[in-house]
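Peer 1: Below is the structure I would like to discuss, written out as structure tokens.
Nothing in this text is a laboratory measurement; each read-out follows from the coordinates by a stated rule. Keep in mind that this is a model prediction, so the values were computed, not measured. Methodologically, a virtual Cβ is constructed for each residue, glycine included, from the backbone with ideal geometry; neighbour enumeration extends over all protein chains shown.
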Amino acid sequence: MGLVVMKFGGSSVANAEKIKNVARRVIQTRDKGNRVVVVVSAPGDTTDDLITMAEGITPEPDPREMDMLLATGEQISIALLGMAIKDKGCKAISLTGAQVGILTDNTHSNAKVKHIPTDKIRKELKRGNIVIVAGFQGVTENEDITTLGRGGSDLTAVALASVLKADVCEIFTDVMGVYTTDPRVVPEARKLDTISYDEMLEMAGLGAQVMQARSIEVAKKFNIDIHVRSTFSEAEGTFITREVQKMEDVVVRGIASDKNQAKISIIDLPDKPGEAARMFKDLADKHINVDMIIQSSASDGRNDISFTVGHKDLSKTLEVMERIRRELGAKDVIHDSNVAKVSIVGVGMRSHVGVAAKMFSALAREGINIEMISTSEIKISCVIKNTQVDKAVKAIHRVFNLDKKK
Ligand code: ADP
Ligand code: ASP
Ligand code: MG
């Protein structure tokens, strides 16, 4: 008898019909002789709606109370799914993160999982229950409720699969698997049969919403095979697995884009040792995550530095940069919130040449200007105007023949 972790995202539990469908699928897996642990997200847009509700009270909600609020979304789903499964004559029990004992640190809204005891879940499985766990939430040593970052139910599922030594971790969503790029943006996008942890990690970090990046880090660390598949179809989806040699034959596995970017430039800054260190330390102290950085070559002992941050950090970043401008005697701080990042990802880039040139030429042919570039061993990212992203993704998809099965 196997142990299966099945995670259903928000769109899979968005209404009563969908919840009944999830109950049917879960029971089907149980009827094949498996013990089943189910993880669910909040229904539909509930998490976004809860955030809007909080913003109606205050622009800066208290982090502890915010997590208390956001965790209620998943609690709706576990209760409704519990009812649906029991209504079909099967035994089930719903548990919050705190009831399972998912222990986290106290970084509200982005907590790290420290420990997951398995005794409670195992006891309920032994009693013949399908165990339904609320995704996205945990509890601190002080019994404060925490959440695990947006998309965090993926992390709950992978972490549970790891501690329970599950045979498989299935992530059910509203598309057939992981595609070469977002199939809602590019209809020619092709479903991938497999993708390596490193490729999925890059894709997720660069904007592919289908999996939460942190969940892939955990999967890689503990070698958990993940099967991403559709809630609404029986077809096989995509396996996220350890890298095998032949994966390098494919140069570009996929394309990701992120429209939530802003570019900030500090102009005419004295070119002295320690200035950049000082600036990025001040930003880090405010927990601002800086992504790409470029520095122009100095002339007359002065230069410009540009970098990108996520939209949500823009106003905080501008406050820090204005202070730095005054203190260091720079001329100006300018920003552009209409930029986006488009990236190609593939382990094959390690062993193939000319990949960047091909990407840049595809953009040039579409008249798209590249404002910044960054590369790593398995990815190339470009900052461009955000109005041109969809056109860029389509052009790059075409030039690397991603619509064709390799
Ligand atoms: P869930 O509610 O199941 O967690 P998400 O909305 O978080 O689902 O993720 C699924 C969505 O991710 C898809 O509807 C799709 O639009 C988007 N997506 C972005 N990039 C990709 C990709 N490369 N492959 C598949 N889906 C992608
Ligand atoms: N409901 C949470 C979110 O919307 C967690 C999740 O869906 O995985 O981010
Ligand atoms: Mg998700």
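Peer 1: Considering only DSSP beta bridges whose two residues both sit in the chain, what percent are antiparallel, to the nearest 5?
Peer 2: If we restrict to bridges inside the chain, about 60 percent are antiparallel.
Peer 1: Taking only C-alpha pairs under 8 Å that are 6+ residues apart, what is the relative contact order of the stretch 266-364 in percent?
Peer 2: Across the stretch 266-364, relative contact order equals 32 percent.
Peer 1: Going 7 Å from the Cα of Ala364 along its beta-carbon direction, which residues of the stretch 378-402 have the amide nitrogen within less than 19 Å of the resulting point?
Peer 2: 380-385, 392-401
Peer 1: Round to the nearest 10 and give me the degree value, 0 to 90, for the angle of helix 213-222's Cα axis relative to the longest principal axis of the chain.
Peer 2: So the helix axis and the longest Cα principal axis differ by about 60 degrees.
Peer 1: Output the antiparallel fraction of DSSP beta bridges having both residues in the stretch 1-130, as a percent to the nearest 5.
Peer 2: Antiparallel bridges: around 20 percent, rounded to the nearest 5.
Peer 1: Report, to one decimal in Å, the Kirkwood hydrodynamic radius for the chain based on all distinct Cα pairs.
Peer 2: Across the chain, the inverse of the average 1/r is 22.8 Å.
Peer 1: Relative to the longest principal axis of the chain, what angle (0 to 90°, nearest 10) does the C-alpha long axis of helix 355-365 take?
Peer 2: Long axis of 355-365 versus the principal axis of the chain: about 70 degrees.
Peer 1: Once every DSSP H run of n ≥ 4 in the chain is given -39500 (n - 2.57) and the sum is divided by its residues, what mean residue ellipticity at 222 nm do you get, rounded to the nearest 500 deg cm²/dmol?
Peer 2: Rounded to the nearest 500, the figure is -11000 deg cm²/dmol.
Peer 1: Sticking with this structure for a sec: Give me the compactness ratio for the stretch 135-188, meaning the Cα radius of gyration over 2.2 N^0.38 Å.
Peer 2: Expressed relative to 2.2 N^0.38 Å, the Cα Rg reads 1.51.
Peer 1: Further question: Which residue, Ser11, Ser77, Cys90, has the largest displacement toward the positive end of the dipole of the stretch 1-100 when charges sit on each Cβ (Lys, Arg +1; Asp, Glu -1)?
Peer 2: Positive-end residue among those listed: Cys90.
Peer 1: Provide the net charge surrounding Arg326, with neighbours chosen by a C-beta distance below 12 Å and charges set as Lys +1, Arg +1, Asp -1, Glu -1.
Peer 2: Net local charge, Arg326 excluded: -1.
Peer 1: Next up: Taking the Cα atoms only, what angle lies between the long axis of helix 16-31 and the longest principal axis of the chain, rounded to 10 degrees?
Peer 2: The two axes meet at around 70 degrees.
Peer 1: Under 24 Å between alpha carbons, and skipping anything fewer than 8 positions from Lys221 in its own chain: which lysines qualify?
Peer 2: Cross-link targets: Lys7, Lys112, Lys114, Lys165, Lys246, Lys379.
Peer 1: Please state the relative contact order of the chain as a whole percent: Cα pairs under 8 Å, 6+ residues apart?
Peer 2: For the chain, the relative contact order is 13 percent.
Peer 1: Say a paramagnetic label sat at a point 7 Å from the Cα of Val185, along Cα to Cβ; which residues of the stretch 321-346 have their backbone N under 20 Å from it?
Peer 2: It comes to 336-346, nothing else.
Peer 1: Expressed in nm to one decimal, what extension gain is obtained for the pair Thr58 and Arg24 from 0.36 nm per residue of sequence separation less their Cα-Cα distance?
Peer 2: 8.1 nm
Peer 1: Obtain the radius of gyration and the Kirkwood radius of the stretch 206-343 from its C-alpha atoms and give Rg over Rh.
Peer 2: That ratio equals 1.12.
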